[in-house]
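Remarks on the structure that follows.
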Amino acid sequence: MVTELARNWWVVALRGVAGVIFGLMAFFWPGITLASLVLLFGAYVFVDGIFTIATAVRSAHEDDRWWVLLIEGILGVVAGIATFVLPIVTALTLVYVVAAWSLITGILGIVTAVRLRKVIDGEWLLGLSGALSVIYGVLLIAWPAAGALALVWLIGSYAFVFGALMIGLGFRLRGLVPGAQTRALA
């Protein structure tokens, strides 16, 4: 596997370049990036719904539960259409899902910290992280547009760092291929 990766080092580096470009786009054009992510999600669930419906119809004569797949497919198509018709609602829904997750995990972290206070030292760290999660969830609910922007920047940051690391890996792999440096200079 290492030999194959080394031979194709440029693919790894190119993957990294794509990540860096996406990360920069997320920072310089966050609105366009968010809109693109929402539309890509819509396209994905729409196409996935179509294929799920096709699978359900094809398996109707073999499986008694084919209708479950059919419902899943229909919901996917509807979700895809809703995403295209109401992209802002889709983006805000994502923010609210993250907010709900943050609130729930924060509250559970606080409850766990209270229960652990007699068992371990440093439980306050768990309680503090839970409190921060709750605050983050409340802030997302209070300012969902800023939360959407923050999510885009977080995804962009990840893509940029991941991309830079992949570029570095690609060039390290290039060094494993005998004669790669001399061929590149020629």
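Every read-out reported here was derived from the displayed coordinates using simple, explicitly stated rules and does not represent laboratory data. From a predicted model like this one, the values you see are computed outputs, not experimental measurements. Cβ atoms come from the backbone with ideal geometry, glycine included; neighbour counts cover every protein chain shown.
Counted as membrane-span-like here are DSSP H helices of the chain whose alpha-carbon atoms extend 30 Å or more along the helix's own axis and whose Kyte-Doolittle mean is 0.5 or above; these are 30-58, 87-116, 144-174.
Where is the GNM fluctuation largest for the chain (alpha-carbon springs, 10 angstrom cutoff): 26, 91, 82? Between 26, 91, 82, it is 82 that shows the largest mean-square fluctuation.
Taken over the range 40-126, the convex hull of the Cα atoms encloses 139 Å³ per residue.
Since only 120, 110, 158 are under comparison, the one whose Cα sits farthest along the positive direction of the charge dipole of the range 73-186, derived from C-beta charges on Lys, Arg, Asp and Glu, is 158. If you run the Gaussian network model on the chain, springs between alpha carbon atoms under 10 Å, then out of 39, 103, 69 the most flexible one is 69. Taking 0.36 nm per residue of sequence separation and removing the Cα-Cα distance, the residue 4/residue 125 pair yields an extension gain of 39.1 nm. Determine the shape class of the chain: with a ≥ b ≥ c the square roots of the Cα gyration tensor eigenvalues, call it rounded for a/c under 1.5, and otherwise prolate if a/b is greater than b/c, oblate otherwise. Judged from the Cα gyration tensor, the chain comes out oblate (a/c at least 1.5, b/c at or above a/b).
What is the log10 of I(q)/I(0) for the range 1-77, computed with the Debye formula using one identical point scatterer on each Cα and no solvent, at q = 0.13, 0.14 Å⁻¹? Each listed q corresponds, in turn, to -0.69, -0.72. Its Cα centre serving as origin, the chain has a Cβ charge dipole (Lys and Arg +1, Asp and Glu -1) of approximately 660 debye.
The value for the range 100-141 of Rg(Cα) / (2.2 N^0.38 Å) is 1.14. Computed over the chain, relative contact order equals 38 percent, with contacts defined as Cα pairs under 8 Å that lie 6+ residues apart.
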